[in-house]
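Asks: Below you will find the structure I want to go over with you.
The values are calculated or read from the model by the stated rules, or taken from the named source; none is laboratory data. Here the structure is a predicted model, which means the values were calculated and not measured. Here the Cβ positions follow ideal geometry from the backbone for every residue, glycine too, while neighbour counts run over all protein chains shown.
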Amino acid sequence: MQKGDVKALELKVQEDDLLKQFVGLLDYDTRADFTSQDKPSSAGQLRLGAHLLSRLSKLKLKPIQTKEGVIITRIPATNGYENKEKLCLLAHLDTAPDASSDGVKPSLVTAYKGEGIELDSGAIIDHNISPELANHLGEDIVVTDGTTLLGGDDKAGIAVLMHLAERLADDRIVHGPITIIFSVDEEIGRSTKYLDIETIDCDFAVTIDGCERGELDIATFNAEGAKIIFHGKVVHTAVAYGKMKNAIKMMTDFIDLMPHEESPETTKDEQGFYHVHDAMGNVEQAELMMILRDFEKEGLERRHAFVEQAVDKINEKYGQGSCEAIFVKQYENMETVLKESPAIVNYCRAAFDRANIKLTEMKVRGGTDGANLSCRGLPCPNIFAGPLNCHGIYECLPVPSLHASFEVTKALVELVALGQDGKSQKAE
Ligand SMILES: [Zn+2]
């Protein structure tokens, strides 16, 4: 069993600018807070944003910070490349609410041998927790002390883009017009509300927010949320016979109608599901929160109709007006948009090739910022940033994956500037 070494990390960052960039971001506690209505939801995101703003300004760029804390930086094209397609690159400043990001103590496991990693807290990252670790034998891996998450999601993406900005600002890399965006509160689903497609004004975009090396996300679920409300009738239990209607029982009847074999815990790969995730109530009124997910549009429509039928059945049993459903569209599968406007996915595929990174195209069993942006008119797949076991204390970052993410992003910028392998040309 190997352990992380703080000294080894200190030595390594002296010779590795990109890693240094990453480690420097870990001092900022940017945990998103869904209980807060502030924009952004935590002050640490503003502090990290301000730090990045001043560093980008030193590169003679003119970044702005919006009132919600989003950092937007335009990097003018290399001379002669002004008319090339406009590429937007995004990463997010916040870290997941699931674990603390306060006082992150990173250390380095040198040349991972394959027997698991023991963190200072005693927690162990082994191949049960993280089967992907087997892909990283012999690699240096950044870990935490086991009391916080690492924050590679998405500070690895931020580090890649900061490292890239330095090289674009002085034209070390030939490029067309580039916009770099550091968004806020991605982890609590608010980030794209603060982004305006017209203002971004780009032909396409890529988020650098995936995990394992080689990942290119080109599809997401179609997603809808539903609130089911049950109206009961309260009568004293002594005289309830034939009169009382218990909203809690309506709710359990409703849950029983949902197909158990189509839940998150019983589905995988390309199967969709129904998921009840929150319930509250008493005899008089009960509310059930659920989400519906499906890769196919028709599949989601079918699930929507199924829930409506279940509502009807409850009303038949308990009387009209006993049950109602309120649906909210959440996001759409970006695959449809990316198939209609395939240039950016083609550029990404070519970029993996150019950077010599083995490509794994994935359908995400969830949503991404890119799903929202794509459906609003800015085609936006997602590429890996490198961290594993995100959102918890087992999070770690194989250093070669961070570099590979940078190499793919750099290759993407170059290919878009050259107009090579986007296949479909810019729409006139
Ligand atoms: Zn993320």
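Asks: Can you name every residue in the stretch 310-340 that is more than 21 Å from the chain's Cα centre (by Cα) and aliphatic (A, V, I, L, M)?
Replies: Ala310, Val311, Ile314, Ala325, Ile326, listed by residue number.
Yes/no per residue for (1) farther than 27 Å from Ser401 by Cα; (2) of a type in the set (Ser, Thr, Tyr); (3) not assigned by TED's automatic domain parsing to the domain that holds Val142:
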{"residue": "Asp17", "(1), (2), (3)": "no, no, no"}
{"residue": "Ser42", "(1), (2), (3)": "yes, yes, no"}
{"residue": "Asn79", "(1), (2), (3)": "yes, no, no"}
{"residue": "Glu82", "(1), (2), (3)": "yes, no, no"}
{"residue": "Lys86", "(1), (2), (3)": "no, no, no"}
{"residue": "Thr95", "(1), (2), (3)": "no, yes, no"}
{"residue": "Leu108", "(1), (2), (3)": "no, no, no"}
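Asks: I would also like to ask the following. Which of the residues belonging to the stretch 23-52 are in a loop (DSSP other than H, G, I, E, B) and basic (Lys, Arg)?
Replies: Matches in the stretch 23-52: Lys39 only.
Asks: Turning to a different aspect of this structure: Can you tell me which residue is nearest to the ligand (Cβ to nearest atom) among those in the stretch 82-100 that are buried (at least 18 other Cβ atoms within 10 Å of the Cβ), assigned to a loop (DSSP other than H, G, I, E, B) and modelled with pLDDT of 95 or more?
Replies: Looking at residues that are buried (at least 18 other Cβ atoms within 10 Å of the Cβ), assigned to a loop (DSSP other than H, G, I, E, B) and modelled with pLDDT of 95 or more, I get Asp94.
Asks: Sticking with this one: For the condition within 15 Å of the ligand (Cβ to nearest atom), assigned to a helix (DSSP H, G or I) and in the same structural domain as Pro76 (by TED's automatic domain parsing), what is the one hit in Lys155, Lys193?
Replies: On inspection, the qualifying residue turns out to be Lys155.
Asks: Specify which of the listed residues (Gly366, Gly422, Gly319, Gly392) is surrounded by fewer than 18 Cβ atoms within 10 Å (Cβ to Cβ) and away from the ligand (no atom under 16 Å from the Cβ).
Replies: Gly319 is the lone residue from the list that is surrounded by fewer than 18 Cβ atoms within 10 Å (Cβ to Cβ) and away from the ligand (no atom under 16 Å from the Cβ).
Asks: Would you tally the residues in the stretch 1-22 being out of contact with any helix residue (DSSP H, G or I) (no Cβ under 9 Å at 6 or more places or on another chain) and assigned to a loop (DSSP other than H, G, I, E, B)?
Replies: 2
Asks: Mind checking which residues of the stretch 341-385 are over 19 Å from the mean Cα position of the chain (by Cα) and not in a loop (DSSP other than H, G, I, E, B)?
Replies: Ala343, Asn346, Tyr347, Arg349, Ala350, Ala351, Phe352, Asp353, Arg354
Asks: Now for a separate question. Of Arg55, Arg74, which residue is surrounded by 14 or more Cβ atoms within 10 Å (Cβ to Cβ), in the same structural domain as Cys390 (by TED's automatic domain parsing), part of a helix (DSSP H, G or I) and in contact (Cβ under 8 Å) with a residue 60 or more places away in the chain?
Replies: The match here is Arg55.
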